[in-house]
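The values are calculated or read from the model by the stated rules, or taken from the named source; none is laboratory data. It should be emphasised that the depicted structure is a prediction, and the values quoted were computed from it without experimental measurement. Note that we place each Cβ from the backbone using ideal geometry, even for glycine, and neighbour counts take in every protein chain shown. To get the accessible areas, we keep the full protein, side chains included, count just its heavy atoms, and leave off ligands, DNA and RNA. Shrake-Rupley method; radii C 1.70, N 1.55, O 1.52, S 1.80 Å.
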Number of protein chains: 2
Amino acid sequence: MVSAFSPQSAGDLNFLKTLNRSAVISHVRRYPGATRADIASRTQLTKATVGSVVQGLLDQGWLCEGELQPRGEGRPGRALYLDDTHHVLWGADIGVKSLRLVACSLTGQHLIEHHDAEAPTTPEATMKRLAELLNQLQQRPEVAGREILGLGVTAPGPVSPLIPVLRLAPNIRWSDVALLDVLDEAGLTMPGVRLLDNEANAAAFGEFYFHAGTPPESLVYISAGTGIGSGLVTGDEYPLVPRGVQGLLGEIGHTVLQPGGLYCHCGNRGCAETLVSGWAIRAALGLDENADLEKEVGLKSHEPGVQHVLARAGEALGVLMLNLHHTLNPATMVLGGSLLRLGEALTQPALAYFEAHQNDLLRESQHIPIKLIEDSTYTAARGAAAQVMAKAVLDV
Amino acid sequence: MVSAFSPQSAGDLNFLKTLNRSAVISHVRRYPGATRADIASRTQLTKATVGSVVQGLLDQGWLCEGELQPRGEGRPGRALYLDDTHHVLWGADIGVKSLRLVACSLTGQHLIEHHDAEAPTTPEATMKRLAELLNQLQQRPEVAGREILGLGVTAPGPVSPLIPVLRLAPNIRWSDVALLDVLDEAGLTMPGVRLLDNEANAAAFGEFYFHAGTPPESLVYISAGTGIGSGLVTGDEYPLVPRGVQGLLGEIGHTVLQPGGLYCHCGNRGCAETLVSGWAIRAALGLDENADLEKEVGLKSHEPGVQHVLARAGEALGVLMLNLHHTLNPATMVLGGSLLRLGEALTQPALAYFEAHQNDLLRESQHIPIKLIEDSTYTAARGAAAQVMAKAVLDV
DNA sequence: TTGGTTAGTTCAATTAATTTACTAATTCAG
DNA sequence: CTGAATTAGTAAATTAATTGAACTAACCAA
């Protein structure tokens, strides 16, 4: 997918070693049970190099050996796996209506899940709550004794690409908060790396990174909740999460789908969020801003008016997906967010529009798989944990 | 702009050397007249490494030394420049209505420009013509004796991201052509690398690569001509041209701006190209498909109907730019393509819409510069030449 | 002229990958 | 059961890149 790779930054021997260690870990992550010989042939490294890199990772508890892998003729190789027992990755997702925490092992297993139903208030109070929770959860037996690689935090809004500052989160009325600093000031005691990212970016990265089997060459995650956002992972050899110069990459909720349409809280008219989003659907159904959408829709699911509202919103989601596809042409799309809980009444029209309106070239090419995550409660937090791992690998 | 860099591919010592050589060249390209000491401090390489890399590049004719650069106190450093005299980069742009060729030096100076007004017919005939032209132009004194680094070819349609195949070019009715093979079979005698890319991708890369001064951190090029396409360059340390899994990244002409709108030749309704593109404007003005748009509009520029058509098309372009900005959030946008020749009657409404409809976050952040290229005749060909250089650097 | 400062080179030292030769474990044929 | 063939992995010497320290070079100012 990527071409014209023209490095502007230099590296030393240590960088090279880091690069190769990261490549070995990536390979084992993608192909659990791979042998040293498998890794050597796929990465183009020599047997000797792979041997020494693997030995280092075994010593540090990143990898562990498994059974012998018979390969027809010849000596069988020794299976290698990510060692699930020595480390822990923490991810925290500051949602519009709750705080969600996850502790993951290196393979992405959830060791602890925690859902805190209190909606965020001020940044200080919320970070205090988060610090307390994390300080407590660290003691739990599921993670006790593990080396903590770090904490990734996600927020429902764009994050500055250069410094860990949440620029704007309209749905919780925060702006320009250096969240990681606030968190440290709130008394968090946790070693390792600290990361802050947008919720959709983190979710996209997690879906890519912890993907079972060979991951897609690129991936877009669409987060459909109170607002609409998206995150992109692109690049085969060097997967990246581009964020845009202002951290706004993927803020598709404010692409214009209906010039001259309804007014949006962003000041424009006809934004996607005026057609499909938690607040647009609540408004269209005449519900209160804080109404439990899933419950209300569940109660009235038989009413044709409700069906019609969901179908229209779903169609708008389909247009959004199609436009995003024409713009980014990802290998996979993943749909998540709280709106997915409204079920097929919403998703079916979206998928139908997407399928029906592909142009000739898209239709002729291979089918683009679309994954629906009905329950994405921990998707973003898990993605933040994945980012911690990707970062920690470079620091080993 | 880019985070969560998690390399999946490995490297050897030679890769490291290539990386550093590329970084040195990039630095001199960005900052002509830089000294070895400048490069060392910016790249974090040691003086010794920079010294030896630079010596190698001097020997091979990639760099040359200039005057002494006094730096206040201390010994002045020796200015370094890309050597403009030893190499040549070839770029060819297969347009909808003509063939355009450029020979560039390493700094992007045009040594030869050639415009062939014949519209493409079959791939074979067109490549025959191109091969003949190139074989002739190679003899010209402007480039005689220079080492040829290679040829980049651009086409008006999506190119497969893995193999150099033009997948579909509706405006010249080609599909699934291995253009570089056809070109070689047509008798081209030219050494060096061969590249094929989409016209907008190449233009975007060229605008980035040959940018005077520090290039923007990311850049989108919008090509507004017979159809509408775009190309993206992203990434600060490792600039990339993402192409999408099917080579369709940036095919924004078929994003839906008006659900249920006019039928587009792609089979959908309400595509951007039904509102703003050479053929949409010709249709709206009641002109023939092959009419000279610039001339016709020039003749009737006083007619209010013409003004209105251009204003409406311009506004659609503005929506497209805004949506693209919300999706990709590039540091710079560049507008090119033959429609730009229609002048302010088209571009002014586009820019006005873009400015007026930025949402709060965009407005608050720094102004996004938009560059208009009124005459983009050689922009794509020049971009293809830039891609040749980026590739050749890795092969030195 | 001398001391201070920055630029650039030289060369031994370091470090990571490689090469070559080796050992190890398995299958298969006889 | 034995030995040849095959593949996996290790060990040690080698190669090739960056590095560090010591050096020379060029300039300024007092």
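Remarks
- Karplus-derived 3J(HN,Hα), 6.51/-1.76/1.60, for each residue of region A:10-17, Hz, glycine and proline x: 9, x, 10, 4, 5, 4, 4, 5
- Label 7 Å beyond Cα on the Cβ vector: B:Ala144 copy-to-copy distances, nm: 8.5
- Of all DSSP bridge pairs formed entirely within the protein assembly as shown, close to 60 percent run antiparallel.
- Shielding of peptide B:231-240 by partners, expressed as the average count of other chain Cβ atoms within 10 Å per residue Cβ, is 6.
- Position B:Tyr31: other-copy label points at 4.3 nm, ordered by increasing distance, label point 7 Å along Cα→C-beta.
- Gyration tensor verdict on region B:167-242 (Cα atoms; rounded if a/c is under 1.5, prolate if a/b is larger than b/c, oblate otherwise): oblate
- Inter-label distance for A:Ser98 and A:Val396, nm, one decimal - labels placed 7 Å from Cα along Cα-to-Cβ: 3.5
- Taking B:Glu118, B:Glu207 and ordering them by how much accessible surface each has at a 1.4 Å probe, largest first, produces B:Glu118, B:Glu207.
- The mean number of partner chain beta-carbon atoms within 10 angstrom of a residue's beta-carbon across peptide A:351-359 is 3.
- Region B:145-204: antiparallel DSSP beta bridges as a percent of all, rounded to 5: 40
- Global geometry of region A:270-365, whether rounded, prolate or oblate, following the gyration tensor of its Cα atoms and the 1.5 cut on a/c: prolate
- Compared with the dominant Cα axis of chain A, that is its longest principal axis, helix A:199-209 is turned about 40°.
- 3J(HN,Hα) along region B:342-356: 6, x, 5, 4, 9, 6, 5, x, 5, 5, 5, 4, 4, 5, 6 Hz, from the Karplus curve 6.51 cos²θ - 1.76 cosθ + 1.60 with θ = phi - 60°, whole Hz, x for Gly and Pro.
- Table column - 3J(HN,Hα) (Hz), region A:379-391, Karplus curve with 6.51, -1.76, 1.60, x for Gly and Pro: 4, 6, 4, 5, x, 4, 5, 4, 5, 4, 5, 4, 6
- About the centre of its Cα atoms, region B:213-372 shows a dipole size close to 220 debye [charges on the beta carbon of Lys, Arg (+1) and Asp, Glu (-1) only; nearest 20 debye].
- Equivalent ellipsoid semi-axes, region A:222-336, via Cα gyration tensor eigenvalues times 5, rooted, Å: 28, 16, 13
- For B:Ala352, label point 7 Å along C-beta direction: distances to other copies, nm: 4.1
- Among the protein heavy atoms of the protein assembly as shown, carbon and sulfur supply 51% of the accessible surface, probe 1.4 Å, non-protein parts ignored.
- The Cα center of region A:167-241 and the Cα center of region A:15-57 differ in position by 27 Å.
- Debye intensity ratio in log₁₀ form over the Cα atoms of chain B, taken at each q of 0.06, 0.10 Å⁻¹: -0.26, -0.70
- Summary of packing: across the peptides B:275-282, A:378-385, B:287-294, B:131-138, the per-residue average of other C-beta atoms within 10 Å ranks them, highest first, as A:378-385, B:275-282, B:131-138, B:287-294.
- The C-alpha radius of gyration of region B:200-251, expressed as a fraction of 2.2 N^0.38 Å, stands at 1.12.
- Other residues within the sphere of radius under 11 Å centred on the Cβ of A:Arg100, judged by their own Cβ, net out at -2 (K and R +1, D and E -1).
- Close amide H partners of A:Val153, meaning residues 5 or more places away or on another chain with modelled amide H under 5 Å apart, are A:Ala92, A:Leu195, A:Leu196, A:Asp197.
- Cut-off 9 Å between beta-carbons: net charge of the residues surrounding B:Leu285, Lys and Arg +1, Asp and Glu -1: +1
- Anisotropy class of region B:8-111 from Cα gyration tensor, a/c 1.5 cut: oblate
- Restricting attention to region A:212-372, close to 55% of DSSP beta bridges with both partner residues there are antiparallel.
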